[in-house]
Amino acid sequence: MRPVPPIVQQDGPDVLVTVHVQPRASQNQLAAQLPDRITLRLTAPPVGGAANAACCAFLADRLGLPKSRLAVLRGETARRKLIRIREAEAAHILARLRSR
């Protein structure tokens, strides 16, 4: 069994965040929080990259960052996604995810 990587990790000047996305939800929300997993319920369908765009937009809003700093690094067609947040600190991202 492979070891599970941390949910939020520093990667040089960037931060990598692993999220689980549930598309076609009734509303956009952060359903499960740290330390076990980050689950995002999104209204967007998993068609044509709509859920990926909604995922980045939701996280950017939640973290108070511009959408242009977030990108799906891995998992574009999967529910489990690895999101790169450019020029960020893991401690700051963790604090913002835990707040609200």
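What follows is calculated from the coordinates using simple rules that are stated; it is not laboratory data. Being a predicted model, the structure only gives us computed values, none of them experimental. Glycine gets a Cβ as well: all are built from the backbone with ideal geometry, and neighbour counts include every protein chain shown.
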Within the stretch 3-23, identify whether any single residue is loosely packed, with under 12 Cβ neighbours inside 10 Å, touching a helix residue (DSSP H, G or I) at 6+ places or on another chain (Cβ under 7 Å) and part of a loop (DSSP other than H, G, I, E, B), and answer yes or no.
no
Scanning the stretch 4-26 residue by residue, those among the small types (Gly, Ala, Ser) and farther than 20 Å from GLU87 by Cβ turn out to be ALA25, SER26
Is the stretch 30-37 home to any residue that is within 10 Å of the chain's Cα centre (by Cα) and not hydrophobic (A, V, I, L, M, F, W, C)?
no
Checking the structure you have, find out if any residue of the stretch 66-76 is touching a residue at least 12 places away in the same chain (Cβ under 8 Å) and in contact with an Asp or Glu (Cβ under 8 Å, 6 or more places away or on another chain).
yes
Qualifying residue in the stretch 55-77 (condition: assigned to a loop (DSSP other than H, G, I, E, B), aliphatic (A, V, I, L, M), at negative phi and exposed (fewer than 12 other Cβ atoms within 10 Å of the Cβ))
no
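Which residue is surrounded by the most Cβ atoms within 10 Å (Cβ to Cβ), if the candidates are limited to the stretch 27-54 and must be touching a residue at least 40 places away in the same chain (Cβ under 8 Å) and within 16 Å of ILE85 (Cβ to Cβ)?
Quick first cut of the stretch 27-54, residues touching a residue at least 40 places away in the same chain (Cβ under 8 Å) only: 30, 33-34, 38.
Right, trim to within 16 Å of ILE85 (Cβ to Cβ) and you get 30, 34, 38.
On the way: LEU30: 15, LEU34: 12, ILE38: 21.
My answer is ILE38.
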